[in-house]
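Peer 1: Here it is, the structure, as structure tokens.
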Amino acid sequence: MNSDFPEVLAAQPAGICKAARLLSEGQLVAFPTETVYGLGADARSDRAVRAIYAAKGRPANNPLIVHVADLDRAREIAFLGAAAEQLARMFWPGALTLVLPVRPDAGLAAPLMAGLETVAVRVPAHPVAAELLKVFCGPVAAPSANPSGRISPTTAAHVVDGMGGRVAAVLDGGPTEVGLESTILDLSGPGAVLLREGGIPRERIEDAVGPLAAATSPTAAPKAPGQLASHYAPKAAVRLNATKASAGELLLGFGPVAGDVSLSPIGDLDEAARNLFACLHHLDDLDKPIAVAPIPEDGIGRAINDRLRRAAAPRD
Ligand code: TXA
Ligand code: MG
């Protein structure tokens, strides 16, 4: 990319067409999904997929999610068993990513699978993402549009701040609705394994397919290689389960703990999920240690706590 800034495209037909054209030219385009903004590239192009890894500084052993327009397109790249078909019908389009055996004739760029025989697939619900996939007419590989290990973006401005000119364009669809990444479920083996808590609470999935196995410890040879302990990290230290700020700290509140800013003054977990990354970006800019109020370990609260624990984890 020649400039220091990406082109910001309005999420209107002309902007979406331009974004699709840039993708077909092998360029990187950030776009809104209902969870977070994705850093998209043509999933069939080795060169374009490698450019994602370079732009994020992402280790090559961390595979990418492939975004497709609908269930039929998913069946073209992966084998869906009975459980996958059922979950796809229930939750797609939506914040659920399924890890599935990849079809040998999928035509996907090898680097995005990072040497695995599986592929992570998702049909996003955001109308701009859906329209982009329709106009582009192909699979789009997209991790969250942040530098590797940093806070995920929930607005176009977060993407511009984090990625600068390493991305050709950003489609601006406003703040994202869910605010946390998708739930990732591995269905490539005999049982269903929860690899990442996310936008769809595990209870809703367990209601459909029964108890989920938990992935092994995130620090020991992770099955989802991106699930390393330190992630979503602001520059400053993060302290959890705080009811008061210590000297020099800023307090991120929830419910009765008011804080300097609050995830949700009324203690609503969906609102807290929606605000989490924007609050962390905001506090990160102030560059002081961050204390965070307790969040109930319930429903989407578990995904919030997962992100907070990783934000607070020791850094390399
Ligand atoms: O909501 C989301 O999932 C967003 C939006 C843009 O779709 N994407 C996202 O991508 O969060 P990323 O790359 O930040 O996280 C994807 C996670 C990584 O931890 C990666 O290791 C895991 O998915 N993953 C991808 N393919 C996998 C596979 N075949 N097996 C196991 N884990 C996989
Ligand atoms: Mg990410």
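Peer 1: Along the charge dipole of segment 117-220, pointing to its positive end and built from +1/-1 on Cβ of Lys, Arg, Asp and Glu, which listed residue (GLY179, ILE205, GLY162) has its Cα farthest out?
Peer 2: Of the options given, the answer is GLY162.
Peer 1: Can you list residues from other chains, or at least 5 along the same chain, whose modelled amide H is less than 5 Å from the amide H of ALA78?
Peer 2: Long-range HN contacts for ALA78: ARG103.
Peer 1: Specify which residue in the list PRO6, VAL68, ALA84 is farthest towards the positive end of the charge dipole of segment 6-92, using unit charges on the beta carbon of Lys, Arg (+1) and Asp, Glu (-1), about the Cα centre.
Peer 2: Most positive-ward Cα: PRO6.
Peer 1: Taking H as built 1.01 Å from N, whose amide H comes closer than 5 Å to the amide H of VAL119, not counting residues under 5 places away?
Peer 2: LEU100, VAL102
Peer 1: With +1 on each Lys and Arg Cβ and -1 on each Asp and Glu Cβ, how big is the dipole of the chain about its Cα centre, in debye rounded to the nearest 20?
Peer 2: Dipole size: approximately 660 debye.
Peer 1: Using only the Cα atoms of the chain, build the gyration tensor, take square roots of its eigenvalues as a ≥ b ≥ c, and label the shape rounded, prolate or oblate: rounded if a/c is under 1.5, else prolate if a/b is larger than b/c, else oblate.
Peer 2: Cα axes put the chain in the oblate bin.
Peer 1: Quote the accessible area belonging to SER230 in square angstrom, nearest 10, computed with a 1.4 Å probe and with ligands, DNA and RNA left uncounted.
Peer 2: The accessible area comes out at roughly 40 Å².
Peer 1: With a point put 7 Å past each Cα toward its Cβ, work out how far ALA54 is from SER148 in nm, to one decimal.
Peer 2: If labels sit at ALA54 and SER148, their model points lie 1.4 nm apart.
Peer 1: Set the Förster distance to 30 Å, then compute FRET efficiency between ALA208 and ASP72 from the Cβ-Cβ distance, nearest 0.05.
Peer 2: It comes out at approximately 0.90.
Peer 1: So if a site counts as exposed when it's one of the GluC sites (Glu not before Pro), its DSSP state isn't H, G, I, E or B, and it has at most 12 other Cβ atoms within 10 Å, what's the longest stretch of the chain without one?
Peer 2: 118-296
Peer 1: Quick one: 3J(HN,Hα) in Hz for segment 50-64, Karplus 6.51/-1.76/1.60 with θ = phi - 60°, rounded, Gly and Pro as x.
Peer 2: 4, 5, 4, 4, 5, 5, 8, x, 8, x, 5, 8, 10, x, 10
Peer 1: Compute, for segment 67-119, the length of the dipole vector about the Cα centre, with Cβ point charges of +1 (Lys, Arg) and -1 (Asp, Glu) only. Units Debye, rounded to 20.
Peer 2: 80
Peer 1: Non-local amide H neighbours of GLY40 (under 5 Å, H modeled in plane, Pro and chain starts lacking H): which ones?
Peer 2: VAL29, ALA30, PHE31
Peer 1: Shifting gears a bit: Using a 7 Å offset from the Cα along the Cα-to-Cβ direction at both SER246 and SER24, what is the distance between the two label points in nm, to one decimal?
Peer 2: Spacing of the two 7 Å Cα→Cβ label points: 5.7 nm.
Peer 1: Related question: Could you give the dipole magnitude of segment 102-206 about its Cα centre, charging the beta-carbon of Lys and Arg +1 and that of Asp and Glu -1, in debye to the nearest 20?
Peer 2: 140
Peer 1: Right, another one. Kindly count the pairs of lysines across the chain whose alpha carbons are less than 21 Å apart, treating pairs on different chains or eight or more residues apart as eligible.
Peer 2: 6
The values are calculated or read from the model by the stated rules, or taken from the named source; none is laboratory data. Since we're looking at a predicted model, the values are computed, not measured. For neighbour counting, all protein chains shown are included, and Cβ atoms are generated from backbone atoms with ideal geometry for every residue, glycine included. We work out accessible area using only protein heavy atoms, side chains counted, and drop any ligands, DNA or RNA first. Shrake-Rupley method; radii C 1.70, N 1.55, O 1.52, S 1.80 Å.
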